[in-house]
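Written out below as structure tokens is the structure these notes cover.
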Amino acid sequence: MPETETQPARVLERSAVIDLEAIRHNVRRLAAAASPAKVMAVVKADGYGHGAVPVARAAVEAGASWLGVAHISEALVLRAAGIDSPLLAWLHTRESNFAAAVAAGVDIGISGWELDRVVAAAREQERPARVHLKVDTGLGRNGVTIARWDSLVGEAMEYQDQGLLRVVGIFSHLAVADEPHRPETDEQLEAFRAALAIAADAGVDTEVRHLANTPATLSRPDTHFDLVRVGLGIYGLSPFIGQTSEELGLRPAMTVRTLVSNCKVVPEGQGVSYGLNYHTSGESSLALIPLGYADGVPRIATGGPVRINGTNYPVVGRIAMDQMVLDLGADAPRDGSLLGAEAVMFGDGLDGGPTADHWAEAAQTNNYEIVTRISPRVPRTYVNEVSPATAVVES
Ligand SMILES: *Cc1c(COP(=O)(O)O)cnc(C)c1O
């Protein structure tokens with residue numbers, strides 16, 4: 001993380017610092033991997049915790065031609081911010097506001113029941129809906145079953161002939177692309193091709209066929225079709241166990257950092273945090289870190305690393321709502337210099353510091369969950385909001 005005096009982010013006592021140049025870099029890297037297929041930047045869940053609007057802007061600037069979210073409500077936030085890229089929302093309930101989606105030009109993923117609701121919204125708005133038909137090729141979540149695909153396509157084409165909608169895309173989602181050796185991806189790919197053939201026979205003429213997520217974009221060019229939907233990768237994280245961001249040419253965009261809020265010398269046998277599950281093995285210094293599970297640190301993640309002054313220390317004892325404790329050992333400076341020192345929970349890892357991958361391991365989860373669950377109590381700040389490339393042109 002480059003540090004300059006013009007970055008007030010560093011002064012905040014607790015923050016998630018988002019490097020928008022890292023986002024741009026990752027989008028360019030993924031766009032190169034996907035080419036000639038285009039890139040949909042997935043910014044659901046507030047941009048995996050990074051901030052949907054600033055991430056979407058940076059992604060579009062770096063070449064993402066589509067944006068994707070789960071909920072229509074998330075899409076409307078982007079439209080309200082003035083972002084006018086093609087934008088798809090794919091997860092709905094009977095209470096979803098399809099009329100608002102049609103009015104805002106938001107493309108709607110259709111897994112079955114939504115079709116009639118979307119057509120009603122198009123009639124109400126006097127504007128054809130833009131839909132992407134989703135087929136379940138094996139994930140068992142959303143998407144119409146293969147058995148019902150034929151009839152969904154037929155119904156959609158009838159509505160298209162009536163001018164009520166346009167079938168813009170056909171898509172599906174992969175289940176095990178993060179484990180490239182597994183055969184199910186081939187089976188899903190085959191099912192997807194069969195579904196595309198059925199749609200072509202029915203006269204569907206799509207703009208975009210899309211199947212790949214981040215791991216498939218990086219490991220399976222045969223899944224790219226016209227468009228790849230990349231989430232994790234644009235945030236610079238690796239979808240593969242045993243492969244780092246750096247090895248994939250990606251740069252983690254989020255750094256969660258704070259300041260040491262207390263530091264004190266304690267005797268051997270000092271119990272630490274609720275439950276007193278940890279005791280110091282000798283005289284030692286304890287550092288108090290003002291981040292806890294209300295900030296999104298998983299309570300289960302005792303042992304996760306925090307970096308202070310170039311050393312990574314494991315969290316000891318229970319992680320509490322607001323705070324966690326590091327045992328700095330006997331050799332830590334006792335001159336009070338650690339009070340107020342910067343403490344990094346995770347960042348890009350390039351300096352040997354902790355990463356979201358380390359915390360995922362400590363919490364028995366994945367890096368998706370670590371960044372996404374950083375809570376609104378941790379203020380987001382942004383660096384490199386203006387791309388250096390643009391800045392050079394302007395100066
Ligand atoms: C979240 C999501 C993605 C993005 O997946 P990544 O593994 O983060 O790239 C793509 N498509 C759908 C349908 C999703 O729900």
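The values are calculated or read from the model by the stated rules, or taken from the named source; none is laboratory data. Because the structure is a prediction, the values reported are computed rather than measured. Quick reminder, even Gly has a Cβ in these numbers, built from the backbone with ideal geometry, and neighbours come from all protein chains shown. The area values use the complete protein model at the heavy-atom level, side chains included, leaving out ligands, DNA and RNA. Shrake-Rupley method; radii C 1.70, N 1.55, O 1.52, S 1.80 Å.
Take each of the peptides 72-83, 346-357, 178-189, average the number of other beta-carbon atoms within 10 Å over its residues, and list them starting from the highest. Can you show the working numbers first?
Values: 72-83: 17.6, 346-357: 19.7, 178-189: 15.4.
Result, highest mean first: 346-357, 72-83, 178-189.
Hey, rough spin-label estimate for D226 and S337, points 7 angstrom out along Cα→Cβ, what's it come to in nanometres?
In this crude spin-label approximation the distance works out to 6.1 nm.
Give me Rg over Rh for the stretch 254-383, both radii from the alpha carbons and Rh done the Kirkwood way, two decimal places.
Result: Rg/Rh = 0.95.
Could you check how much of the accessible area of the stretch 20-235 is carbon and sulfur, as a whole percent, using a 1.4 Å probe? Display every interim value, and only then the final one.
On the way: 4100 of 8330 Å².
For the stretch 20-235, the apolar C and S fraction of the accessible surface comes to 49 percent.
Compute the distance from the alpha-carbon center of the stretch 158-211 to that of the stretch 219-293, in whole Å.
Measuring centre to centre over Cα atoms gives 37 Å.
Of the residues R251, R377, R28, which exhibits the maximal mean-square fluctuation in a Gaussian network model of the chain defined by a 10 Å Cα contact cut-off?
Among R251, R377, R28, the largest mean-square fluctuation in the Gaussian network model of the chain belongs to R377.
Could you tell me what % of all Cα pairs in the stretch 187-247 have separations over 18 Å? Numbers along the way, then the final one.
Values: 813 of 1830 pairs.
Tail fraction, whole percent: 44.
Can you give me the distance in nm between label points at A202 and R148, each placed 7 Å from the Cα along the Cα-to-Cβ direction?
Here the answer is 1.3 nm between the modelled labels.
Among S219, S238, S281, determine the one that fluctuates most according to a GNM of the chain built with springs between C-alpha atoms less than 10 Å apart.
Comparing S219, S238, S281 in the GNM, the peak value goes to S281.
Less than 21 Å apart at the alpha-carbon level, and either on another chain or at least 8 residues along: which lysines does that give for K134?
Hits, sequence-local ones excluded: K38, K44.
Tell me whether the stretch 20-235 comes out rounded, prolate or oblate; compute the Cα gyration tensor, take square roots of the eigenvalues as a ≥ b ≥ c, and use a/c under 1.5 as the rounded threshold. If you can, show how the numbers build up before the last one.
Working: a/c = 1.86, a/b = 1.13, b/c = 1.66.
Taking the square roots of the gyration eigenvalues as a ≥ b ≥ c, the stretch 20-235 is oblate.
Accessible area per residue of the stretch 256-395 at 1.4 Å probe, in Å²?
So the stretch 256-395 comes to 48 Å² accessible per residue, rounded to a whole number.
How large is the charge dipole for the chain, taken about the Cα centre, if only the Cβ atoms of Lys, Arg (+1) and Asp, Glu (-1) carry charge, to the nearest 20 debye? Don't jump to the answer; show the numbers that get you there.
On the way: 33 positive and 48 negative charges, 109 e Å.
Here the size comes out at about 520 debye.
Within the stretch 335-361, which residues have the backbone N less than 20 Å from the label spot 7 Å out from L12 along Cα→beta-carbon, could you tell me?
Residues 340-349, 354-356 fall inside that zone.
Find the all-direction average of the projected area of the Cα convex hull for the chain, expressing the result in square nanometres with one decimal place.
Details: hull surface 86.6 nm².
With the hull built on Cα positions only, its mean projection is 21.7 nm².
Working from Cα positions, state the angle (0 to 90°, nearest 10) between the long axis of helix 20-34 and the longest principal axis of the chain.
Helix 20-34 and the main axis of the chain meet at about 40 degrees.
I want to check the label-to-label distance for E190 and A103. Put each point 7 Å from Cα in the C-beta direction and report it in nm to one decimal.
Computed distance between label sites E190 and A103 equals 4.7 nm.
Which peptide among 293-302, 50-59 comes first, and what is the full order, when sorted by highest mean count of other Cβ atoms within 10 Å?
On the way: 293-302: 19.1, 50-59: 23.8.
Going by the mean number of other Cβ atoms within 10 Å, highest first, we get 50-59, 293-302.
Kindly provide the helix-only [θ] at 222 nm of the chain, computed as the sum of -39,500 (n - 2.57) over DSSP H runs of four or more divided by all residues, to the nearest 500 deg cm²/dmol? Provide the component values of the computation, followed by the final result.
Values: 12 runs with 117 residues, N = 395.
Helices in the chain give a 222 nm mean residue ellipticity of -8500 deg cm²/dmol.
Leaving out ligands and nucleic acids, note down the accessible area per residue over the stretch 20-235 with a 1.4 angstrom probe, in whole Å². All intermediate terms of the calculation are to be shown ahead of the outcome.
Details: 8330 Å² over 216 residues.
Counting only protein heavy atoms, the per-residue value for the stretch 20-235 is 39 Å².
Using a 1.4 angstrom probe on heavy atoms only, work out the carbon and sulfur share of the accessible area of the stretch 254-383 in %. All intermediate terms of the calculation are to be shown ahead of the outcome.
On the way: 2900 of 5720 Å².
Of all accessible area on the stretch 254-383, carbon and sulfur atoms account for 51 percent.
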